[in-house]
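Engineer: One structure coming up, written as structure tokens, with questions to follow.
The values are calculated or read from the model by the stated rules, or taken from the named source; none is laboratory data. Computed from a predicted structure; not experimentally measured. Cβ placement follows ideal geometry from the backbone for every residue including glycine, while neighbour counts extend to all protein chains displayed.
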Amino acid sequence: MPSECERICCGKTPCLSTTQDFETSVLDRVKAWDPEDHQLLHGDVNETKRKKAYKLFTLWKHGHAAKGEKYPVYSCCVWAVRDLIPDKNGKYTGFVKGTKISFEMDDWDQKWESQKS
């Protein structure tokens, strides 16, 4: 993950990416979701499903985001999604900033400072 904001782990015990809530709210839903059924396939199926998983994560943790507002996804959760839905070439886009970026993820600033050291 290239940018610093993408390297932040949730730091929780147990890790969010291993919880039943994450599995049912994000992973199970994206596994069952077929972008072709919704005419939402733009290019690669796995890329479309990964984007859907990140949107499901945001919905699960923060509720609906305002237009242009994006939340970084914890790196541990990104890797859980990538392990489930890999890119065939191992190339990933990473976090793309929206017009507004929200960093109100629990105690984000504290995690940011502790992991930068």
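Engineer: Taking the stated definitions as given, is K31 surrounded by 18 or more Cβ atoms within 10 Å (Cβ to Cβ) and assigned to a helix (DSSP H, G or I)?
Structural biologist: It is false that K31 is surrounded by 18 or more Cβ atoms within 10 Å (Cβ to Cβ) and assigned to a helix (DSSP H, G or I).
Engineer: Is it fair to say K51 is without any contact (Cβ under 8 Å) to a residue 24 or more places away in the chain and outside any helix (DSSP H, G or I)? Walk me through it before giving the result.
Structural biologist: Details: without any contact (Cβ under 8 Å) to a residue 24 or more places away in the chain: yes; outside any helix (DSSP H, G or I): no.
Criteria not met by K51.
Let's see how each residue does on (1) under 20 Å from F95 (Cα atoms); (2) at pLDDT 90 or above; (3) polar (S, T, N, Q):
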| residue | (1), (2), (3) |
| --- | --- |
| R7 | yes, no, no |
| T19 | no, yes, yes |
| D34 | no, no, no |
| D37 | no, no, no |
| K49 | yes, no, no |
| L56 | yes, yes, no |
| C77 | yes, yes, no |
| A80 | yes, yes, no |
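Engineer: Same structure, new question: Could you please find all residues in segment 58-75 being of a type in the set (D, E, K, R) and either modelled with pLDDT under 85 or in contact with a Pro (Cβ under 6 Å, 6 or more places away or on another chain) (or both)?
Structural biologist: Result: K67, E69, K70.
Engineer: Sticking with this one: If you scan segment 45-92, which residues turn out to be surrounded by 14 or more Cβ atoms within 10 Å (Cβ to Cβ) and among the charged types (D, E, K, R)?
Structural biologist: E47, K49, R50, K51, K52, K55, K61, E69, K70, R82
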